[in-house]
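> Take this structure, written in C-alpha cells, and hold onto it; I'll ask about it next.
The values are calculated or read from the model by the stated rules, or taken from the named source; none is laboratory data. Computed from a predicted model, the values in this text were never measured in an experiment. Note: ideal-geometry Cβ built from the backbone for every residue, glycine included; neighbour counts use all protein chains shown.
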Amino acid sequence: MAEASSDFDPREKVHGDPIEMPHLACGAMAGSKPYPAAPNHQEPLGFPGELVPDWHDKAISRLGELLDSNKALRVYLDSCVKCGACTDKCHYFLGTSDPKNMPVARQDLLRKVYRRHFTLAGKYFPKLVGAEDLTKDVLGDWYSYFHQCSQCRRCSVFCPYGIDTAEISMAARDIMDTIGMGQKYSNEIIGKVFNIGNNLGLPPKALKATLEGLAEEIEEETGVPVKLPIDVKGAEILLVTPSADFFASPHMEGLIGYAKVLHESGVSWTLSSHASEAANFGMFIGSQENMQKVAMRIRDAAIELGVKRVVIGECGHAWRVAYSFLNTLAGPFDFLDPRYPFPQHICEFTNDLIEKGKLKFDKSKNDEYRLTFHDSCNVARASRMGDKPGGQFDIPRAVLRAVCNHYFDMAPETIRDQTFCCGGGGGLLTDELMDLRTKGAMPRMRALKEVAEEHGVTHMAAICAICKAQFSKVLPQYGFDREAIVSVHQMVSNAIILTGSVQEKELEESHHD
Amino acid sequence: MVTIIYATAFYAASLLLVIALGRRIWLYATTPAPLKIPTTPAPTTKGGVVLRMVREVTVFESLFRSNKWIWLFGWIFHLSLAVVLLRHLRYFLQPVPYPIALVQPFGVIAGFTMVAGLLALWARRIVVERIRYISGPSDHLMLALLVAIGLSGLNLKFLARTDIVDVKEFFLGLMYFDFSHLHRLPADPALLLHLTLVLCLMVVFPFSKLLHAPGVFFSPSRMQADDTREHRYARSAKLESTPRRA
Ligand code: SF4
Ligand code: SF4
C-alpha cells in the first residue's frame, strides 16, 4: 500500500526532538482519505448505504440532536478562545505539518458549520466569526481530517478548558455516518462483531483450535498443563481480550502471559466465544447505539457463563470502553462479586499477585530485552488502573520492573498523560492510511530513538492491540526491528516461573550449584 | 439627552447580558452528559474535582503545562482584569468597602499590566505562524475591543480626567432605579468612549468566545470525577430505556 510520500523519509526523520514544531504546509494531507463504506458495511449498523439526497439538512439536524444530547460537544464548540495552546500538541500535526491537523483547526471544521447554523453571530456575521455553510468541499474536509484524528485526547490535556477534539471527531463521524458517508474500515469491523463475534471475524471453531494450540505450546515449554478455556460455565473470571490476541504477534505472546498468570493464580477462568472481542469500534465512529450494542455482548456473556468477575486484556480503547463506559452502557453489573473491581485490567490482576508475592519470576530470562513502555492514549488519558489517579502509568511499569532487569522511560514530555499516540488509533489502522500512520508515529519514534541511543533500549512494551499492530508496521520504516514492539504480558510470560514447571526445577538446581 | 441614552443603553445591555448568558448557562447545565469522559489522571472525588477546577481558573494549570508564554500573558491579563474590576466596584458601592479602598492603587497598576498582557497576546497572534493561522477577524476585534477599553480607561485616569463623582451618582441612580433625580452623566467624550466600549463588550459577551468563562465550569473533561468503577454513572434517558436482556 501507499508508503509515506517521498519527501518524508522516516529514517531521516527519526532523529530530532519529539516535540519539534514544523513549519505549516497547508493542504499537505488534504488527499488523505480512508476508503468509504459500501452499503453492506453501512446498513447493518443502521446507517444509510450511500450519501442521502438531502444530506445537507440531515447533517445539520443531526448536529442539532448531538448538541442537545451531549454537553461536551455544546460546551466545547462554544468555549474555544483560539489561544493556540493545543496547536503544537497533535502527533498528526507534528508529523504532517498540515495546519488542519492542529487540534483547534480540526475542531473549527465542525465549529464553523455550528456557528453558521446554531449561533446568532454566525447567522448574521458569518465572515467575522469564521462561520461557513456546509458545502461539498467542507464535507470533503470533514471526511479527510476527522479521519486524521486518532481520538487520543492529547490536545485535551493541554487545553485550558479541557476541550477534547476526540469528542468533536466522534460527533463529526456520527454525522457523516448518519448521512451515508461512513468509513469502510471501522464499519466493516463493527459488522463482523455483530455477525461473528470479533473484529477479525474468527469463528468459534477456529478460535477453539487456536486456544488448544497455545495450550500445547505452553505445556511443551513449561511442562505445566496450562489451559485456555472457552465458554466454561461457572468459571470465576471472564477474560475479554482483543481478538488480535488470538492471531498475531506480539499479541499472542501476551495472551500466553495472561494464561500463565491466571493459571498460577489458581482462580478458574474462561474466555467467551460470544464476547470474543474486547475492542469496541462503536466508540471510534461516535455511535452510542453501536457502542452499546457491542458492549452488551460482554454483559450477556458474563450472565450466560455465570462468572463472578470480568478481566480485560491488553487493549487501549477497549479498556476505556470497559472502564469508563461499560457500567453505564450495559450495567448495572450487580450480579458480579462486589469485592473485585468491575472491570479489572489484566495488569491490575497481575500486579496484585506480584504485590502479594504470589508470582515467581526469573528476571534474567528477559535480559536480552532493554525495555521502555509506550503509554497507550486511551489507557493514559481516558481511564485508570488501581485506586489512585495515575495508577494506569505506575501499574504496567511496576509489572515490567518486576519481570525485567533493564527498564528505561522515554522523555517525560512523551509519556504518561503526555504520551504520543502510536499513530494508528481511533479507527485509522487501515492500509490506505499508511502515509498518515507513518507520519503520525514520528514523535513516538523520535522518543524511542532517544532512549535507544542513550540507554541502549531494544524493545518497547505496550498494552494495546492497535499500538502493537501499528508499531509492527511503522518500526521497520523508521529503521527499528519489526519485533521491537512487545506485549507487557509477553515479558511476564518470559520470566514467570510456574509452579511445577521445568523452569522451576532448573532454577532450583542452579541455586543448589 | 446623553444621560437618557446611556441610562437606556445600560439597562438594555444588562438585560441582554443576563438573559442571553443565563440561557447559555442553562443550556450548558441541562444538556446531558451521557458518558463519563474526564481527562485522566483525574480526581476520584467531588472534592478533588473542585480543587482541580480552582487550580484551572486561578492559576490556569493546564495552560501552564502547555505553553509558558501564552500562560504568562494570559494570566497577567486575567489577573489584572480581576483587580481592575474590583477597583471599579467603588463606582457602584456607597460607602466604599475597606478592601475595595485598599485595592485602588493596585487597580491603576493593573490597568497597565492588563493592556500589556493583551498586547503581548496580540503580538503572538500576529507573529507566531500557527496562532496566526487559527485567528479570525473576531479574534483580533476582541483583542482590539479589550485594549481599547483598557486604554480609554487609563486615559480617563491620567489624561482626560472626568468628574467621577457625577459618574458614580449616575450609576447609583441606575442601580437603585431612582429615576426621579437620575444624576446627569457628564457629556465628556473620553468618558462616553469608555462607557460605549464597555457596552459593546456586554453585548458581545454572550455571543462570542467569551463564553469560555462559564464554559470552563461545565467542561466534562475537567469537571467530572473519575469514579465509574465505584459508582455506576447513568445520566442519559436514552441509555436507560434501552431494552435489557436479563
Ligand atoms: S487550547 Fe483549547 S481554547 Fe486554546 S485554541 Fe486549543 S482548543 Fe481552543
Ligand atoms: S485527539 Fe489526538 S489526534 Fe485528535 S486532534 Fe487531539 S491530539 Fe490530534
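> On the basis of being more than 15 Å from ligand 1 (Cβ to nearest atom), modelled with pLDDT of 95 or more, outside any loop (DSSP other than H, G, I, E, B) and not hydroxyl-bearing (Ser, Thr, Tyr), does A:Val104 make the cut? Full working, then the answer.
On the way: more than 15 Å from ligand 1 (Cβ to nearest atom): no; modelled with pLDDT of 95 or more: yes; outside any loop (DSSP other than H, G, I, E, B): yes; not hydroxyl-bearing (Ser, Thr, Tyr): yes.
Criteria not met by A:Val104.
> Which of the following residues is away from ligand 2 (no atom under 16 Å from the Cβ) and either of a type outside the set (Val, Ile, Thr) or under 24 Å from A:Cys86 (Cα atoms) (or both): A:Glu167, A:Glu216? Walk me through how you get there before you give the answer.
Values: A:Glu167 fails: away from ligand 2 (no atom under 16 Å from the Cβ).
After ruling out the rest, the residue left standing is A:Glu216.
> While we're looking at this one, here's another question. From the residues in the stretch A:75-97 that are surrounded by fewer than 24 Cβ atoms within 10 Å (Cβ to Cβ) and more than 8 Å from chain B (Cβ to nearest Cβ), which one is farthest from ligand 1 (Cβ to nearest atom)?
Per the criteria, the residue is A:Ser97.
> Further question on the same structure: Select from the stretch A:74-100 the residues that are within 14 Å of ligand 2 (Cβ to nearest atom) and either in a helix (DSSP H, G or I) or not assigned by TED's automatic domain parsing to the domain that holds A:Asp177 (or both) and list them in ascending order.
Matches in the stretch A:74-100: A:Tyr76, A:His91, A:Tyr92, A:Phe93, A:Leu94, A:Gly95, A:Thr96, A:Pro99, A:Lys100.
> Moving to a separate point now. Given A:Ile190, A:Ile179, A:Ile175, which one is within 20 Å of A:Leu45 (Cβ to Cβ), among the hydrophobic types (A, V, I, L, M, F, W, C) and more than 23 Å from the chain's Cα centre (by Cα)?
A:Ile179
> With at pLDDT 95 or above and either in contact with a Lys or Arg (Cβ under 8 Å, 6 or more places away or on another chain) or away from chain A (no Cβ under 12 Å) (or both) as the only criterion, which of B:Leu197, B:Leu185, B:Leu159, B:Leu210 stands out? Quick ask: steps written out before the conclusion?
Working: B:Leu185 fails: at pLDDT 95 or above; B:Leu159 fails: at pLDDT 95 or above; B:Leu210 fails: either in contact with a Lys or Arg (Cβ under 8 Å, 6 or more places away or on another chain) or away from chain A (no Cβ under 12 Å) (or both).
Just a single option satisfies the conditions, and that option is B:Leu197.
> Still on this structure, I have one more. Restricting to the stretch A:47-74, and then to whatever is touching a residue at least 24 places away in the same chain (Cβ under 8 Å) and within 15 Å of A:Ile168 (Cβ to Cβ), can you tell me which residue is nearest to the other protein chains (Cβ to nearest Cβ)?
Applying the first criterion (touching a residue at least 24 places away in the same chain (Cβ under 8 Å)) to the stretch A:47-74 yields A:47-52, A:55-56, A:58-60, A:62-64, A:66-67, A:70, A:72-73.
Narrowing the set further to residues that are within 15 Å of A:Ile168 (Cβ to Cβ) leaves A:59, A:62-63, A:66-67, A:70, A:72-73.
On the way: A:Ala59: 20, A:Arg62: 15, A:Leu63: 14, A:Leu66: 10, A:Leu67: 7, A:Asn70: 7, A:Ala72: 5, A:Leu73: 8 Å.
In this case the residue turns out to be A:Ala72.
> Going through B:Phe217, B:Phe179 one at a time, which residue ends up being in a helix (DSSP H, G or I), out of contact with any Asp or Glu (no Cβ under 6 Å at 6 or more places or on another chain) and either among the hydrophobic types (A, V, I, L, M, F, W, C) or farther than 30 Å from B:Ile37 by Cβ (or both)?
The conditions single out B:Phe217.
> Mind listing just one residue for me: the one in the stretch A:389-409 that is within 14 Å of chain B (Cβ to nearest Cβ) and surrounded by fewer than 19 Cβ atoms within 10 Å (Cβ to Cβ) and, of those, farthest from B:Thr228 (Cα to Cα)?
Filtering first and then ranking leaves A:Asp394.
> Then there's this: Go through the stretch B:23-35 and give me each residue that's within 7 Å of chain A (Cβ to nearest Cβ) and not in a loop (DSSP other than H, G, I, E, B).
Hits for the stretch B:23-35 are B:Leu27, B:Tyr28.
> Go through (1) away from ligand 1 (no atom under 16 Å from the Cβ); (2) touching an Asp or Glu at 6+ places or on another chain (Cβ under 9 Å); (3) more than 10 Å from chain B (Cβ to nearest Cβ) for A:Leu109 and report which single condition fails.
Looking at each condition in turn, A:Leu109 falls short on (1).
> Is there a residue being farther than 21 Å from A:His489 by Cβ and either of a type in the set (Ser, Thr, Tyr) or touching a residue at least 40 places away in the same chain (Cβ under 8 Å) (or both) anywhere in the stretch A:392-409? Spell out the reasoning first.
Taking the stretch A:392-409 first, the residues farther than 21 Å from A:His489 by Cβ are none.
Scanning the stretch A:392-409 turns up no residue that is farther than 21 Å from A:His489 by Cβ and either of a type in the set (Ser, Thr, Tyr) or touching a residue at least 40 places away in the same chain (Cβ under 8 Å) (or both).
> Sticking with this one: Go through (1) buried (at least 23 other Cβ atoms within 10 Å of the Cβ); (2) away from ligand 1 (no atom under 16 Å from the Cβ); (3) under 25 Å from the mean Cα position of the chain (by Cα) for A:Phe146 and report which single condition fails.
If we test A:Phe146 against (1) buried (at least 23 other Cβ atoms within 10 Å of the Cβ); (2) away from ligand 1 (no atom under 16 Å from the Cβ); (3) under 25 Å from the mean Cα position of the chain (by Cα), just (2) comes out false.
> Those residues that are at the interface with chain A (Cβ under 7 Å from one of its Cβ atoms) and of a type outside the set (Lys, Arg), I need them from the stretch B:36-55; list them, please.
Just the residues of the stretch B:36-55 that are at the interface with chain A (Cβ under 7 Å from one of its Cβ atoms), to begin with: B:36-37, B:39-44.
Within the stretch B:36-55, B:Ile37, B:Thr39, B:Thr40, B:Pro41, B:Ala42, B:Pro43, B:Thr44 meet the criteria.
> Now, a different point. Which one of B:Pro38, B:Pro95 is modelled with pLDDT under 95 and either in a loop (DSSP other than H, G, I, E, B) or of a type in the set (D, E, K, R) (or both)?
Numbers: B:Pro38 fails: modelled with pLDDT under 95.
Every option except B:Pro95 fails the conditions.
> Now a separate question. Cβ-Cβ under 9 Å, sequence separation 6+ or interchain: first residue in the stretch A:326-353 and within 26 Å of A:Gln288 (Cβ to Cβ) and within 13 Å of chain B (Cβ to nearest Cβ), partner among the acidic types (Asp, Glu) and assigned to a loop (DSSP other than H, G, I, E, B). Which pairs?
Listed pairs, sorted by first residue: A:Pro341/A:Asp387; A:Pro341/B:Glu230; A:His345/A:Glu314.
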